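Since every read-out is calculated from the coordinates, none of them should be taken as a lab result. In this text, all values refer to a predicted model and were calculated from it rather than measured experimentally. FYI the Cβ positions are ideal-geometry reconstructions off the backbone, even for glycines, and counts take in every protein chain you see.
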């Protein structure tokens, strides 16, 4: 053990939107501490804060020091944030209360599982602790279904949510074949399009990726709209008209965060009297309004003179994407290892850090059935909190094809993460 370790208690919290594997990360931190700092006598208690930093400031803890391993294992397989989460975005005054609570409860190791705001909380609290000459070690464990953390190849929570999106769109496309019409699915992702892009996995990837088959898949969704590509309403209508006129049906995936060339949210433009969240953003995830507005546009503009409007329906996946109890196997493993890695960094004497998942090498991945592929592997790295805190990662250009599609490169990137998908037959 490094000589600079300090005795005290450890606290773990969960923040932001829950996921199918956030409890794996919780279990990983607990296990890492129990077999490391707690076993060595540096950590007396391992405390879970109820509802993140809000519970910490209120002294609302769950003692997890001696939690039975069977319970911990079942907890890890349970979706949602079992300690309770929070959307609180601490400012300097709030972080001051967090630091004061750590001092009151002799907390010397602070672990926070969440996205970029959570890493920013770790950064601010750590800087305050240094200024106060209080030895508090702060560690961020990555989590977000949006997959928008810098320095990461992907983040825990995304593979499972992407798996849900792929399978939901797969089933929905089969429905669209049975009763043809135009179907719109609005998918989570205000600033990053990774989750919406995962809808492309609903296509028959054996035809889309097999190097011996030239033809691209025509399965739905035929049109995919991401927030990284400016959304033009007239072009959208023309795209849908083209596919519908050719096939008699059209399957569309739309990110909730689509925006025009000036960066104005399409939801904000179309949804009249929309609710806003605590940060002033138009409420999208909990509302079907964007899908309804796009559906109304298609009905109005694609109805021939004197004819019937096309059959158009829209669904908003909303919160159901986050905690669907069919987690990706890769996601379960990596989320737990991320938590353990954070505890290991603390045991090595680091004062602060964020854990990042990396994919070593060129980024080539295994396509199932391609003997020339490179098997999927991942590794864990320490990165500076400031490199992640309050920053947003977007879909790279090489993952995007045109204004309404994703590239083969994205399919190769995402397939190993979601795991095996069902293969459906056609008549």
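Could you state the angle between the C-alpha long axis of helix 233-247 and the longest principal axis of the C-alpha atoms of the chain, as a value from 0 to 90 degrees rounded to the nearest 10?
With rounding to tens, the tilt is 60 degrees.
Given [x] 78, 54, 35; [y] 71, 59, 42; [z] 63, 56, 41, which label gives Cα extents along the principal axes in Å as computed from the coordinates?
[x]
Given the rule -39500 (n - 2.57) for each run of at least 4 DSSP H residues, summed and divided by the residues of the chain, what is its mean residue ellipticity at 222 nm, to the nearest 500 deg cm²/dmol?
About -10500 deg cm²/dmol.
For region 62-174, what is the per residue volume of the convex hull drawn over the alpha-carbon atoms, in cubic angstrom?
On the way: hull volume 15.6 nm³, N = 113.
Once divided by residue count, the hull of region 62-174 is 138 Å³.
Separation between the residue 67 and residue 408 pseudo-spin-labels, each 7 Å from Cα along Cα→Cβ, expressed in nm?
Each label point lies 7 Å from its Cα, and together they span 4.5 nm.
Please compute the Kirkwood hydrodynamic radius over region 1-104, one decimal place, Å, based on all pairs of different Cα atoms.
Details: mean 1/r = 0.0697 Å⁻¹.
Hydrodynamic radius (Kirkwood, Cα only) of region 1-104 equals 14.3 Å.
Hey, what angle do you get for helix 22-33 against the long axis of the chain, alpha-carbon based, 0 to 90 degrees rounded to 10?
For 22-33 against the chain, the angle is about 20 degrees.
Hey, could you grab the Kirkwood Rh for region 103-242? Inverse mean 1/r over distinct alpha carbon pairs, Å, one decimal.
18.3
Roughly what % of DSSP beta bridges within the chain run antiparallel, to the nearest 5?
25
With everything on Cα atoms, drop me the angle between helix 329-347 and the longest principal axis of the chain, reported from 0 to 90° to the nearest 10.
Around 30 degrees separate the two axes.
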